[in-house]
């Protein structure tokens, strides 16, 4: 875990900003950044003009791998409107803490989780993403890496889009791109039909 290699070798943030402008699209991506003296594991939301709309700082460091010794944890939810969709951003290990997702649930329509989730815990990845969609009655997009890292861990992807009823509507097994059309009315309909968020 050496974030300095990524933040000092070239500007990932500038690359994402340029790419958003070139493609005329919003981009959500994970980056290791250094602010003051601390490294952060962040998710950025960049609009088609290259402006950073949100810099979400991962709230739960993965202590199993000693992440807390390298990264500074964030303290608040990250909510942003991306292409007209009210969205909450999360990073990897955050997924195991349902209370982090419940906090912004009534303010958003979609949640995006960016992750380095290893193959050996792939079943957890799928189940937790579906649980977060069901619990919060919103769309959930989980984006996972693929390949191997320098520690011999294998990542099998499994990026997916889940509807507010917990149904997987798109799942990717390989390195690929999916174009998915979502109907935001499904969020309102699901919450109106079974409004348990109001009892929270």
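Scanning the stretch 127-150 for residues that are part of a helix (DSSP H, G or I) and either under 18 Å from residue 32 (Cα atoms) or free of Cβ contacts under 8 Å to residues at least 40 places away in the same chain (or both) yields 127, 128, 129, 130, 131, 132, 133, 134, 135.
Would you mind stating whether residue 95 is under 27 Å from residue 24 (Cα atoms), buried (at least 17 other Cβ atoms within 10 Å of the Cβ) and touching a strand residue (DSSP E or B) at 6+ places or on another chain (Cβ under 6 Å)? Spelling it out, it is not the case that residue 95 is under 27 Å from residue 24 (Cα atoms), buried (at least 17 other Cβ atoms within 10 Å of the Cβ) and touching a strand residue (DSSP E or B) at 6+ places or on another chain (Cβ under 6 Å). Residue count for the stretch 169-184, restricted to those that are surrounded by 10 or more Cβ atoms within 10 Å (Cβ to Cβ) and more than 18 Å from residue 82 (Cβ to Cβ): 5. Note on the stretch 163-175: residues that are within 21 Å of residue 30 (Cα to Cα) and either out of contact with any strand residue (DSSP E or B) (no Cβ under 6 Å at 6 or more places or on another chain) or touching a residue at least 60 places away in the same chain (Cβ under 8 Å) (or both) total 3. When residue 197 is tested against (1) within 23 Å of residue 76 (Cα to Cα); (2) modelled with pLDDT of 95 or more; (3) in contact with a helix residue (DSSP H, G or I) (Cβ under 6 Å, 6 or more places away or on another chain), exactly one condition is not met: (2).
For every residue, the table says whether it meets (1) under 27 Å from residue 155 (Cα atoms); (2) touching a strand residue (DSSP E or B) at 6+ places or on another chain (Cβ under 7 Å); (3) free of Cβ contacts under 8 Å to residues at least 40 places away in the same chain; (4) surrounded by fewer than 17 Cβ atoms within 10 Å (Cβ to Cβ).
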{"position": "15", "(1), (2), (3), (4)": "yes, no, yes, yes"}
{"position": "24", "(1), (2), (3), (4)": "no, no, yes, yes"}
{"position": "33", "(1), (2), (3), (4)": "yes, yes, yes, no"}
{"position": "43", "(1), (2), (3), (4)": "yes, yes, no, no"}
{"position": "48", "(1), (2), (3), (4)": "no, no, yes, yes"}
{"position": "74", "(1), (2), (3), (4)": "yes, yes, yes, no"}
{"position": "99", "(1), (2), (3), (4)": "yes, no, yes, yes"}
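Scanning the stretch 83-107 for residues that are within 15 Å of residue 54 (Cβ to Cβ) and in contact with a helix residue (DSSP H, G or I) (Cβ under 8 Å, 6 or more places away or on another chain) turns up 86, 88, 90, 94.
Per this entry, residue 160 is not counted among residues that are without any contact (Cβ under 8 Å) to a residue 40 or more places away in the chain and under 25 Å from residue 73 (Cα atoms).
The values are calculated or read from the model by the stated rules, or taken from the named source; none is laboratory data. Nothing here was measured: the structure is a model prediction, and the numbers come from that model. Here Cβ is always computed from backbone atoms with ideal geometry, including for glycine, and neighbour counts include all displayed protein chains.
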